[in-house]
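*Asks:* The following block contains the structure, expressed as structure tokens.
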Amino acid sequence: MSHPLYVAFIWHQHQPLYKSQDTYSLPWVRLHGTKDYLDLVLLLEKYPKLHQTVNLVPSLILQLEDYSAGVAMDPYLTLALTPCEKLKQINKQFIINNFFSCNYKTMIAPHPRYRELYGQKQERGEAWCVENWTGQDWSDLLAWHNLAWIDPIFWDDPEIALWLEQGKNFNLSDRQRIYSKQREIISRIIPQHQKMQARGQLEVITSPYTHPILPLLADSNYPRVALPEMKLPQKAFQWCEDIPRHLQKAREIYRARFGRNPRGLWPPEQSVSPGILPYIIQEGFHWICSDEVVLGFTFKHFFSRDEVGNVSEPDLLYRPYRLETKEGNLVIVFRDHCLSDLIGFTYGNISPQEAAKDLVRRLEVIASNRLGKDTSEPWLVTIALDGENCWEYYEKDGLPFLQALYERLSNLKKIELVTVSEFLYKFPNMSSIPGDNLHSGSWVDGSFSTWIGSKSKNLAWDLLREAREVLANHPEATEENNPEVWESLYAAEGSDWFWWFDRGNSSSHDSIFDKLFRDHLIAIYRGLNEPVPPRLRQPVQEREVQGSGDQESFISPVLDGMGREEDWHKAGRIEIGGSRGTMRQSSLVQRIYYGGDRLHFYFRFDFQGGVKLPGELHLLWYYRDITMYNSPVPLTKLPDMAPLNYLFHHHLRINLLNLSLSLAEAVGDNTWESRVTKVVVAFHQCLEIGVPWADLQVQPGYPLELLVILAQDGHFHSYFPEKGLITLQVP
């Protein structure tokens, strides 16, 4: 019997617990609630032949219900509902810093008034805006920060259409009604999922309560399975008993909303290990999902791809497996990492029609390849990713792309979209994997290094362990008579705080995430009438380089030397000199932008106008704690001081006069050897550089640091940044 190619889309909807002591610190549940959760399933409903799976994390559900009920307030919402004449200087500074926090190209530029205000901030500076903006300017910005986050699928709503047509001159009453519209949209999210699941087009699944990484709750030594030499906390976090608590609370919240038990479980960060399987089975879950890299480690078969992305041995990847344990069995599906990342990180940069066409073509190729295999064996291609974060980079929040994709898929007979449970019900026979053979790892390189193993992450685990031990010493503090303490523990065990600590992942809100984590721990001590450790009053992470912000997300700028703000809006930025600089006025470099995507690392240098630049710019890569050949900076007149006297591994030299360049790699004996490079350089209003990750030949997940040096005729001139190095991590 010949089968169509079955495809399971799994959209993961999650936000961390922003609430601490009944106060919300950040607005992302509310804003994503109007932009990303309802529209996804409303659009799908128009294509009844297409079935999909959505994961709603319990902590997200509870926060959505708070906003729907009008009992959640965050600082952004408070300001949006404040009369402009009552805004203080500190409020205005907060607004100018935070109310443009969205993608310029897709969310600011399409709206003339929002674009005008952003342009004034960029051209005249924040101080000028705070000093000169009128009450009407502030009111319009407060309104547009909320309007821009309302998904285009709702733009035909009469009130929203009127606001979009009005465009400006918003008053407090308008802003209050926009907030009411936000609540109205958010209140429809859970009922719409209920409706579509009841009619069979949607499968709703869940995650452990506050999105903790279950293997790390069981034993924080698990990371050594993938990385035996990883530096971990000296005393392990080992609280297996917290796993069933998270699973039970997730099941209870789900059952109360959907009137049934969930069949599927999304392990946070697709993190699995043999030790967590019994708990998942005992709580009645039927299937889980993880990443192809975990399957690769499990089989000792690391999936390679050809030049267009087709996976080797697809019959191993495109099928579910039965995990066999003495407690029972559990099905696991593994996502196609490449197809998932195309939606998450790539298709937003090309036209919606071309993106949809490319994804369908790739699925058709997989279907064709299957014809050469055993056609009686059905294949299930799993595409699983965040259902919220990527759409900010798509035209109209992804609506044209998804419409084009769904139109194409609805008309294909050889490709069928199913929920995971539908496929498992139809095809119960499958290959087995002994549960003890399952690899311990996550979607990130098959390891847990994103959440543990660095200085700050390990400190965070120490602080969590200490608080957990204090709670264990209070057996009288049960969940029934002291629920606030347990809620604080569950919140602190969430994965998100550990994601943001140290290098590799960063946002403009790192300090808030740091504080939220510590606030949850402090609440444990206070709820138990125990003294709060002084260490919890200090940030977990100390930052080395003080800039205007680290990279918020992937960027893919056009490299033509023009420095378009929409291209670099989400980049990391370090202010060096000039009118808004943090250093001496005479600095040749005003600011440095930096960031990357899956293929390239990008730099942008803004130089002082009217000054003569030295003829050369040098980039030097430093790899801390990684064994490799390294060599000194190949310049004369170099001061003998850190970090100039470090040994580096890669060296890129750019001639600023003719834009010729050369890449060299350290090869031992303090020498450098030339390497072929595809670096792109453009110099007009600013200097823009694109360095392919492939040129550096470094592994995914590697931490690396950079130093920038200006030179003239091979002689040292100056360097940046003056304190520390620019840090990032290979994606």
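*Asks:* Counting other Cβ atoms within 10 Å, which GluC sites (Glu not before Pro) in segment 186-283 have at most 15 and lie in a DSSP loop? Mind dumping the intermediate values first?
*Replies:* On the way: sites: Glu203, Glu229, Glu241, Glu252, Glu269, Glu283; in loops: Glu229, Glu241, Glu283.
Here the GluC sites (Glu not before Pro) that fit, given the DSSP loop and packing criteria, are Glu229, Glu241.
*Asks:* Whole number please: convex hull volume per residue, Cα atoms of segment 64-131, in Å³. Don't jump to the answer; show the numbers that get you there.
*Replies:* Details: hull volume 7.6 nm³, N = 68.
In segment 64-131, the Cα hull volume divided by residue count equals 111 Å³.
*Asks:* Please list, ordered by chain and number, the residues whose modelled amide H lies under 5 Å from the amide H of His12; skip anything fewer than 5 residues away on the same chain.
*Replies:* Counting only residues 5 or more places away or on other chains, the set is Asn55, Leu385, Asp386, Gly387.
*Asks:* Now a separate question. I'd like the Karplus ³J(HN,Hα) series for segment 38-51: coefficients 6.51, -1.76, 1.60, θ = phi - 60°, whole numbers in Hz, and an x wherever there's a Gly or Pro.
*Replies:* Along segment 38-51, the couplings run 7, 4, 4, 7, 4, 5, 4, 4, 6, 10, x, 6, 9, 10 Hz.
*Asks:* Follow-up question, since we're still on this one. With labels modelled as points extended 7 Å from the Cα through the Cβ direction, what inter-label distance (nm, one decimal) is found for His684 paired with Gln538?
*Replies:* 4.9 nm
*Asks:* Right, next: Tell me the GluC sites (Glu not before Pro) within segment 465-528 that lie in a loop according to DSSP and have at most 14 other beta-carbon atoms within 10 Å.
*Replies:* Details: sites: Glu466, Glu469, Glu476, Glu479, Glu480, Glu484, Glu487, Glu493; in loops: Glu476, Glu479, Glu480, Glu493.
Answer in residue order: Glu476, Glu479, Glu480.
*Asks:* Please identify every one of the trypsin sites (Lys or Arg not before Pro) in segment 262-340 that sits in a loop by DSSP and has no more than 13 other beta carbons within 10 Å of its own beta carbon. It would help to have the intermediate numbers written out before the result.
*Replies:* Values: sites: Arg263, Lys300, Arg305, Arg322, Lys326, Arg335; in loops: Arg263, Lys300, Lys326.
Passing both the DSSP loop test and the Cβ count: Lys300, Lys326.
*Asks:* Have a look at Ile415, Phe554, Pro262 and report the one farthest towards the positive end of the charge dipole of the chain, computed about the Cα centre with Cβ charges (Lys/Arg +1, Asp/Glu -1).
*Replies:* The residue sitting most towards the positive pole is Ile415.
*Asks:* Another one. Would you kindly derive the ³J(HN,Hα) couplings of segment 455-460 from the backbone phi angles with the Karplus curve 6.51 cos²θ - 1.76 cosθ + 1.60 (θ = phi - 60°), listing them in order in whole Hz, with x for Gly and Pro?
*Replies:* 3J(HN,Hα) across segment 455-460, in whole Hz: 4, 6, 4, 5, 4, 4.
*Asks:* Please give the FRET efficiency for Glu484 paired with Met73, using the beta carbon to beta carbon distance and R0 = 25 Å, rounded to the nearest 0.05. Don't jump to the answer; show the numbers that get you there.
*Replies:* Values: r = 19 Å, r/R0 = 0.77.
That gives a FRET efficiency of 0.85.
*Asks:* Something else now. Which whole-number percent gives the relative contact order of segment 565-729, counting Cα pairs below 8 Å spaced six or more residues apart? Kindly include the intermediate steps, with their values, before the conclusion.
*Replies:* On the way: 335 pairs, mean separation 37.1, N = 165.
Over segment 565-729, the number comes to 22 percent.
*Asks:* Filter Lys92/Lys515; Lys88/Lys181; Lys326/Lys413; Lys121/Lys396; Lys19/Lys570 down to the pairs with a C-alpha to C-alpha distance above 30 Å, please. Let's see the in-between values first.
*Replies:* Numbers: Lys92/Lys515 23 Å; Lys88/Lys181 27 Å; Lys326/Lys413 41 Å; Lys121/Lys396 24 Å; Lys19/Lys570 26 Å.
The answer is Lys326/Lys413.
*Asks:* Most exposed first by the Cβ proxy, i.e. fewest other Cβ within 10 Å, how do His3, His337 rank?
*Replies:* Values: His3 17, His337 21.
Fewest-to-most Cβ neighbours within 10 Å comes out as His3, His337.
*Asks:* Whole-Hz ³J(HN,Hα) for each residue in segment 675-680, computed from phi via Karplus 6.51 cos²θ - 1.76 cosθ + 1.60 with θ = phi - 60°, x for glycine and proline: what do you get?
*Replies:* 10, 5, 9, 10, 4, 10
*Asks:* To continue, here is another question. Under a cut-off of 17 Å between alpha-carbon atoms, report the aspartates and glutamates in cross-link reach of Lys678, not counting same-chain residues fewer than 8 places apart.
*Replies:* Asp560, Asp597, Glu665, Glu688, Asp695
*Asks:* Another question, if that's okay. Please name which of Ala642, Pro75, Gly690 has its Cα lying farthest along the dipole of the chain towards the positive end, using unit charges on Cβ (Lys, Arg +1; Asp, Glu -1) and the Cα centre as origin.
*Replies:* Comparing the listed Cα positions along the dipole, Pro75 ranks first.
*Asks:* Enumerate the amide H contacts of Arg675 below 5 Å, restricted to partners 5 or more residues apart or on another chain; note that Pro and chain-start residues carry no placed amide H.
*Replies:* Leu663, Ala664, Glu665
*Asks:* Here is a further query. Relative contact order of segment 455-537, please, whole-number percent, based on alpha carbon pairs below 8 angstrom and at least 6 residues apart.
*Replies:* Values: 64 pairs, mean separation 30.4, N = 83.
Relative contact order comes out at 37 percent.
*Asks:* Using a 10 Å cut-off around each Cβ, can you sort Lys86, Lys35 from fewest to most neighbouring Cβ atoms? Provide the component values of the computation, followed by the final result.
*Replies:* Details: Lys86 7, Lys35 26.
Ordered from fewest to most neighbouring Cβ atoms within 10 Å, Lys86, Lys35 come out as Lys86, Lys35.
*Asks:* Enumerate the amide H contacts of Gln590 below 5 Å, restricted to partners 5 or more residues apart or on another chain; note that Pro and chain-start residues carry no placed amide H.
*Replies:* Placed amide hydrogens put Gly577, Asp606, Phe607, Gln608 under 5 Å from Gln590.
*Asks:* Now for a different question. Largest first and in whole Å, give the semi-axes of segment 70-187's equivalent ellipsoid, each being the square root of 5 times a Cα gyration tensor eigenvalue. Don't skip to the answer; put the middle values down first.
*Replies:* Working: eigenvalues 98, 58, 31 Å².
Semi-axis lengths for segment 70-187 are 22, 17, 12 Å.
*Asks:* If you don't mind, another one. If you restrict to DSSP beta bridges whose two residues both lie in the chain, what percentage is antiparallel, to the nearest 5?
*Replies:* Working: 64 of 96 bridges.
Once the DSSP bridges in the chain are tallied, antiparallel ones form about 65 percent.
*Asks:* Add -39500 (n - 2.57) for each DSSP H run of 4 or more in the chain, then divide by its residues: what number comes out at 222 nm, to the nearest 500 deg cm²/dmol? Could the numbers behind the result be given before it?
*Replies:* Details: 26 runs with 254 residues, N = 731.
Only helices count here, giving -10000 deg cm²/dmol.
*Asks:* Please report, in debye to the nearest 20, how large the charge dipole of the chain is about its Cα centre when each Lys and Arg carries +1 at its beta carbon and each Asp and Glu carries -1 there.
*Replies:* Values: 73 positive and 91 negative charges, 111 e Å.
Computed about the Cα centre, the dipole is about 540 debye.
*Asks:* Mind giving me the FRET efficiency for Asn369 and Glu184? R0 is 56 Å, r the Cβ-Cβ distance, nearest 0.05 is fine. Spell out each step's value before the answer.
*Replies:* Details: r = 47 Å, r/R0 = 0.84.
The calculated FRET efficiency here is 0.75.
*Asks:* Given N residues in segment 188-265, what is its alpha carbon radius of gyration divided by 2.2 N^0.38 Å? Numbers along the way, then the final one.
*Replies:* On the way: Rg = 17.0 Å, N = 78, 2.2 N^0.38 = 11.5 Å.
Compared with the compact-globule rule of thumb, segment 188-265 sits at 1.48.
*Asks:* Please compute the modelled spin-label separation between Ser351 and Met628, points set 7 Å along Cα→Cβ, answer in nm with one decimal.
*Replies:* 4.0 nm
*Asks:* With charges only on Cβ, +1 for K and R and -1 for D and E, what is the dipole size of segment 70-187 about its Cα centre, in debye, rounded to 20?
*Replies:* 280 debye
*Asks:* Suppose a student asked you for the relative contact order of segment 70-187, using Cα pairs under 8 Å spaced at least 6 residues apart; what percent would you report?
*Replies:* 32 percent
*Asks:* Here is a further query. Please give the Cα centre distance for segment 153-190 versus segment 668-688, rounded to the nearest Å.
*Replies:* 50 Å
*Asks:* Translational diffusion coefficient, Stokes-Einstein: compute it for segment 413-534 using the Kirkwood radius over C-alpha pairs as Rh, at 37 °C and 0.692 mPa s, and state it as an integer in µm² s⁻¹.
*Replies:* Details: Rh = 17.7 Å.
It comes out at roughly 186 µm²/s.
*Asks:* Just name one of Leu617, Thr677, Ser660: the one whose Cα is farthest towards the positive end of the charge dipole of segment 565-729 (beta-carbon charges, Lys/Arg +1, Asp/Glu -1).
*Replies:* Value computed over the given set: Leu617.
*Asks:* What value does segment 565-729 have for Rg/Rh, both radii from Cα atoms and Rh as Kirkwood defines it? If you can, show how the numbers build up before the last one.
*Replies:* Details: Rg = 15.1 Å, Rh = 16.3 Å.
Using Cα coordinates only, the ratio equals 0.93.
*Asks:* Taking other Cβ within 10 Å of each residue's Cβ, how do Thr23, Thr627, Thr382, Thr677 sort, fewest first? Walk me through the numbers before you get to the answer.
*Replies:* Values: Thr23 12, Thr627 6, Thr382 26, Thr677 17.
Listed from fewest to most nearby Cβ atoms, that is Thr627, Thr23, Thr677, Thr382.
*Asks:* If I model a spin label as a point 7 Å beyond the Cα along the Cα-Cβ vector, how far apart are those points for Thr671 and Lys612 in nm?
*Replies:* So the two model labels end up 3.7 nm from each other.
Every number here is computed from the coordinates shown, using simple stated rules; none is lab data. Worth saying up front: this structure is predicted, and the values here are computed from it rather than measured. We place every Cβ from the backbone using ideal geometry, glycine too, and count neighbours over all the protein chains shown.
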